[in-house]
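The values are calculated or read from the model by the stated rules, or taken from the named source; none is laboratory data. Remember, it's a predicted structure, so these values are computed and weren't measured experimentally. Cβ coordinates were reconstructed from backbone atoms using ideal geometry, including for glycine residues, and neighbour counts include every protein chain displayed. To get the accessible areas, we keep the full protein, side chains included, count just its heavy atoms, and leave off ligands, DNA and RNA. Shrake-Rupley method; radii C 1.70, N 1.55, O 1.52, S 1.80 Å.
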Amino acid sequence: MTAIAPRFGPQLIRLLLVTVVLTVGLLGALAGTASAHAALTGSDPKDGAVVDVAPREVTLTFSEQIAMGDDSIRVLDPSSKRVDVAKMRDLSQGGTVRYAVGLKPGLPDGTYTVAWQAVSADSHPVSGAFTFSVGAPSATTATVPDQEAGGGLVGTLYDAVRYISYAGFILLVGGAAFVLACWQRGASVRPLQRLVVGGWVTLTAATLVLLLLRTPYTGSGKLGDMFDLGGLSDVLDTKTGAALVSRLLLLGAAALFIAVLFGAYAKRVTEAEAEVEAEAEMDGEGDAEAGKAKADLAFGLSLGGTVVAAGIAGTWALSEHASTGIQTGLAMPLDVLHLLAVAAWLGGLVSLLVALYRVPDIERAAVRRFSRIAFTSVVVLAVTGVYQSWRQVGSWDAWTGTSYGQLLLVKIGLIAVLLGAAWFSRRWTGLLGEDAKTAKTAEAGAEADAEAGVKVGVKAGVDVAEETAEEGVAEAGTAADPERAAQLARQRTALATARKKRDRDADTERSGLRRSVLIEACVALVVLAVTTALTGTEPGRTQEKEVSRTGTEAAAPAPARPVNLTEPFDTGGTKGKGTLRLTIDPARPGTNLMHVWIDGPDGKPMDVPEVKVAYTLKSQQIGPLPVVPERLAAGHWSAGNVQIPMPGDWHLQVTVRTSDIDQTTIEKNVKIG
């Protein structure tokens, strides 16, 4: 950063700031789009049903395979006490996914609440609740968690760590591939070594945190439960837990790969370069053993590294979207190929950016080799991306009508911008190739002129300072003053660094390439954020199935807002006119508070014999669910435990009776959830 500040500092800071803001904004905005990947399709008793005799068990049917524990289904009586007794039973057979839990015998009449939570086949948590009544509906104090599974602070942390794990994978795999395939001398370059090792450390740490967060993410939602050993044991028995453990084991093999790459292989590359120089001095005569040993080691590292990288990518493919839905046998290997292409392109891009800024003498041939690899990666991404889009989106309408399709459109737009920046990078790379000989000759001439200037004492500026520093060191050595000698040596090093930077910035083509690659890397950060959000969003094909089944877009509920109604009424009798005011707070699934006020024509409280309320969700055939509010004062009624089982457009009916024979019912549709 400090090396490029004089020329690109303000522009770079602004660009990185915009990138960070876009990334954080996208992650925050898209956090709410993740929704259920499995849905409750039926139950016995049905949601809102009134049965004459208490059932022996409650059964739940789901749209796809899920993972559930013994405590995943809870049945609460009107006083919020649990009445489920037996362990949960798996009744699934064929293509039907069904679970059941037994109930205590002899349950009294009243309204019972069933709360459930599970983990979808693609590793995402789902939850919900519904009610049924025995004999007749009653008031209930049963409460279900306000926070959906996978939400809150734990959900935000989990999504952030997933983003970090993808970034670590890209740096690890892409950086190593860049060294082996594009710039072998980079194996001994410290900035690239730090980049690859940093990717390994990042991915390893993120995987450990994900493993610990799985318990609160799929269960309680409490951050402290991440250290629950019992919960961790349950996680290890799940598909996602096994995938995370496998990733850790593969990262152990990756650590050995890194040690060989930056140890033995870097040494072989140095020896091979020394042999080439020696052969050049001996007119082609020399020993080629070092070059052969380097080639053999490079082949072994390439083969082993590809296997390890594919295995790590497979831990995502085996536990997320590719492992569910249609054509999983083809989708999973293509997903692995997609991830490897992303890493080769974006990880190599970051490696090239580091090399261009921190290692100004990177060879032009290395840049051209990466350009070819990037082009191949883009072709692979296009082919696999088209297939995955068809598989996950499902229809043309889903592109704009579902959260997944909309996110995918955003990603495609960003990739188009990324390809535009890559086109400029490719142009600069071509210019580097065309001007290679000219640049080399000019560079040699400049060095010769510099040396001549030093000898005759006519060169000013940096070279004079360097000569003075060298004389100072010699004098310090003669005078046996180590402190002064060290000070002058540091000055000489600083001047040499400044000279290298000056020569680097004088290369117009290389500066243009650095700017275009920097833009590519910044856009890639945002693409990665959208990709992370996509992996946590319900596929468009699944969303459309839920819409066709329920008739509503369940994946994008409206934000919860208190319901406020003001309606005039007339029962037709004496003193039968007035105004009804009703509020439901917070107007979301779960426990709500309802207030009803009756005002007379003069605006003062009006006392009436009776007020009754009922609400019905016609799209799901739930209800009518009755509410009998209590009279608090003249013209004021309240009900403190109004249970609304799910979001939707509820049909509200309020009956006002002003005498023994005069009454009227006010009907209104309200949005809940």
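Among the residues examined, residue 112 qualifies as among the aromatic types (Phe, Trp, Tyr) and either open to solvent by 60 Å² or more (accessible area, probe 1.4 Å) or at pLDDT 90 or above (or both). The residues of region 379-424 that are over 22 Å from the mean Cα position of the chain (by Cα), part of a helix (DSSP H, G or I) and either modelled with pLDDT of 65 or more or not hydrophobic (A, V, I, L, M, F, W, C) (or both), listed by number, are 379, 380, 383, 397, 419, 420. Taking residue 211 as the residue in question, decide whether it is in a helix (DSSP H, G or I), touching a Ser or Thr at 6+ places or on another chain (Cβ under 6 Å) and surrounded by 15 or more Cβ atoms within 10 Å (Cβ to Cβ). For residue 211, the condition - in a helix (DSSP H, G or I), touching a Ser or Thr at 6+ places or on another chain (Cβ under 6 Å) and surrounded by 15 or more Cβ atoms within 10 Å (Cβ to Cβ) - is not met.
Filtered by the rule that a residue be open to solvent by 30 Å² or more (accessible area, probe 1.4 Å) and farther than 12 Å from residue 104 by Cβ, region 53-68 gives 53, 63, 64, 65, 67, 68.
Report yes if residue 13 is open to solvent by less than 70 Å² (accessible area, probe 1.4 Å), farther than 30 Å from residue 153 by Cβ and modelled with pLDDT under 50, otherwise no. Answer is no for this residue. Number of residues in region 610-645 that are open to solvent by less than 40 Å² (accessible area, probe 1.4 Å) and of a type in the set (S, T, N, Q) equals 3.
Number of residues in region 227-237 that are closer than 25 Å to residue 200 by Cα and open to solvent by less than 50 Å² (accessible area, probe 1.4 Å): the value is 2.
Is it true that some residue in region 237-247 is part of a helix (DSSP H, G or I) and acidic (Asp, Glu)?
Step one: filter region 237-247 for residues part of a helix (DSSP H, G or I), giving 239-247.
Restricting the remaining residues to those that are acidic (Asp, Glu) gives none.
Within region 237-247, not a single residue is part of a helix (DSSP H, G or I) and acidic (Asp, Glu).
Collect the residues in region 577-594 that are assigned to a strand (DSSP E or B) and open to solvent by less than 40 Å² (accessible area, probe 1.4 Å), keeping them in residue-number order. If the condition is that a residue be assigned to a strand (DSSP E or B) and open to solvent by less than 40 Å² (accessible area, probe 1.4 Å), then 578, 580, 582, 583, 584, 590, 592, 594 are the ones that fit.
Could you tell me which of the residues 660, 649 is at pLDDT below 85, among the acidic types (Asp, Glu) and open to solvent by 50 Å² or more (accessible area, probe 1.4 Å)? Reasoning before the result, please.
Details: 649 fails: at pLDDT below 85.
Exactly one residue qualifies, and that residue is 660.
Considering (1) modelled with pLDDT of 80 or more; (2) open to solvent by 10 Å² or more (accessible area, probe 1.4 Å); (3) of a type in the set (Gly, Ala, Ser); (4) part of a loop (DSSP other than H, G, I, E, B), the lone condition that residue 554 does not fulfil carries the number (1).
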